[in-house]
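Take a look at the structure set out below.
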Amino acid sequence: MISFDEAVALVRQLAQPLGMEQVPLDRAAGRVLARPVVAPRTAPAFPTSAMDGYAVRDGDVAQAPVKLRVAGESYAGRPFGKKAGPGACVRIFTGAVVPPGFDRVVIQEQVGQSNGLAFLGQTPSGGRNIRPVGSDFFAGETILPAGIALTPQALIAAAGADISEVCAIRQPRIAILATGDELAAPGAAHLRAGAVPDSVSVGIAALAEVFGGTVVLRLRIADTLEELERGAGEALACGDIVVVTGGASVGERDHARDMFRGAAMEPVFSKVAMKPGKPVWMSRAGERVVVGLPGNPGSALVTARLFLAPLVAGLSGRGAGAAWQWQRASLGESAPETGDRETFYRGQLHDGRAVFVGNQDSSAQAALGVSRILIRRAAGAGALPAGEEVAILPL
């Protein structure tokens, strides 16, 4: 059994980005760029109006008041395609091409129009209300650097560069194997005596996707070694990470490790001195990583948040540290002393202070449902009064 910090260091070594792939822009949200986005074109590619108004020449409006002939209109996507000489203006709208030879756009509130003529009562001053060519970016300019996650705003920038796909770090494929004769699909457990809903794999799948993975397989498998081995083979064939829930203890039907005996397994760690979740384990099977989580919901989610989430984040290019952003908070109530293992309590923040949710049993699901943070306490730590600082991690 190793310490929590030793386990973290081992996970960090494994959590290196996968390869890269081309991803259509409309499916790239949240992905991490493997290569920078370089603009293939200049934007704007033509001078555009920043306002609704009238495109004019400075020489025509220098001696206001003045009347100008309205030669036509320029709309976004439908430019004014004619020539307009001195003494003329063009009705123009935001985003439209400013016709050649015109120097500024006078906003419509400052212009009157009647019978094809525009009236300016005074000489315009201030900004020209024209976005010059390249005022956003030029062709060949890096719009987005490699290594950033594609947020909604980053996707806008990439699409604005007129590209349809990006080169991104490949998302780790997650295969989840929920083991146990007692498990049933949520909504169907009441149909079979002794059955319980498979709640753990639902939460683990959601957590994996939040941190950059994509779930490609979810199986519920009975506690027979033959079926478990079949499921293990299927998972290893399709997943970069195989997550096994349950079967991690030492009971006569706990086969979580035995089910992989046909694969060349290299242990990473077999137990961690932590509470809850001591039986958590991790191994390598060639290029695959196998993560064994306890079957109890609280233990499973805590260990998944602490080990699986950083592994997924690292493989997806976000960096393992993105999932280990510990913060400090004052206790809103007293904390009990801990035993001989590092302890992670489920909790919430009330007015910025950390408090414990009611039921800390590893099987508790209602309390887990309202938990928002993990509160970390060292092994052998004494009781703490309210107001003392503790380490917390968003759950």
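Give the residue, chosen from VAL216, VAL196, VAL210, VAL200, that is of a type in the set (A, V, I, L, M, F, W, C), open to solvent by 50 Å² or more (accessible area, probe 1.4 Å) and farther than 30 Å from LEU25 by Cβ.
Being of a type in the set (A, V, I, L, M, F, W, C), open to solvent by 50 Å² or more (accessible area, probe 1.4 Å) and farther than 30 Å from LEU25 by Cβ holds for just one of VAL216, VAL196, VAL210, VAL200, which is VAL196.
Name the pairs whose Cβ atoms lie under 6 Å apart, with the first residue in segment 129-140 and open to solvent by 60 Å² or more (accessible area, probe 1.4 Å) and at pLDDT below 95, the second of a type in the set (Lys, Arg) and not in a loop (DSSP other than H, G, I, E, B), and 6 or more positions between them or separate chains?
none
Please go through segment 326-341 and give me each residue that is under 13 Å from PRO394 (Cβ atoms) and at pLDDT below 95, ordered by number.
Listed by number, the list is empty, since nothing qualifies.
Looking at the structure I just gave you, is PHE344 within 30 Å of LEU14 (Cα to Cα), in a strand (DSSP E or B), modelled with pLDDT of 95 or more and in contact with a helix residue (DSSP H, G or I) (Cβ under 6 Å, 6 or more places away or on another chain)?
Numbers: within 30 Å of LEU14 (Cα to Cα): yes; in a strand (DSSP E or B): yes; modelled with pLDDT of 95 or more: yes; in contact with a helix residue (DSSP H, G or I) (Cβ under 6 Å, 6 or more places away or on another chain): yes.
Criteria met by PHE344.
I need every pair where a residue in segment 26-48 that is aromatic (Phe, Trp, Tyr) and at pLDDT 95 or above has its Cβ under 6 Å from the Cβ of a residue that is surrounded by 14 or more Cβ atoms within 10 Å (Cβ to Cβ) and part of a strand (DSSP E or B), sequence separation at least 6 or different chains.
Every condition considered, the pairs that remain are PHE46/VAL97.
Name the single residue that is farthest from THR48 (Cα to Cα) among those in segment 64-102 being touching a Lys or Arg at 6+ places or on another chain (Cβ under 7 Å) and open to solvent by 60 Å² or more (accessible area, probe 1.4 Å).
If we take residues in segment 64-102 being touching a Lys or Arg at 6+ places or on another chain (Cβ under 7 Å) and open to solvent by 60 Å² or more (accessible area, probe 1.4 Å), then PRO86 is farthest from THR48 (Cα to Cα).
Every residue, every condition in (1) of a type in the set (Ser, Thr, Tyr); (2) open to solvent by 60 Å² or more (accessible area, probe 1.4 Å); (3) in a helix (DSSP H, G or I); (4) in contact with a Cys (Cβ under 9 Å, 6 or more places away or on another chain), yes or no:
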residue: VAL290; (1), (2), (3), (4): no, no, no, no
residue: GLN325; (1), (2), (3), (4): no, yes, no, no
residue: GLU333; (1), (2), (3), (4): no, yes, no, no
residue: ALA364; (1), (2), (3), (4): no, no, no, no
residue: ALA367; (1), (2), (3), (4): no, no, yes, no
residue: ARG376; (1), (2), (3), (4): no, no, no, no
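All but one of (1) under 30 Å from ALA29 (Cα atoms); (2) open to solvent by 30 Å² or more (accessible area, probe 1.4 Å) hold for GLN108; state the number of the condition that does not hold.
Against the list (1) under 30 Å from ALA29 (Cα atoms); (2) open to solvent by 30 Å² or more (accessible area, probe 1.4 Å), GLN108 comes up short only on (1).
The values are calculated or read from the model by the stated rules, or taken from the named source; none is laboratory data. Quantities reported herein were computed from a predicted structural model and do not represent experimental measurements. Heads up, the Cβs are rebuilt from the backbone with ideal geometry, glycines too, and the neighbour counts pull from every protein chain shown. For the accessible areas, the whole protein counts, side chains as well, though only heavy atoms, and no ligand, DNA or RNA atoms are used. Shrake-Rupley method; radii C 1.70, N 1.55, O 1.52, S 1.80 Å.
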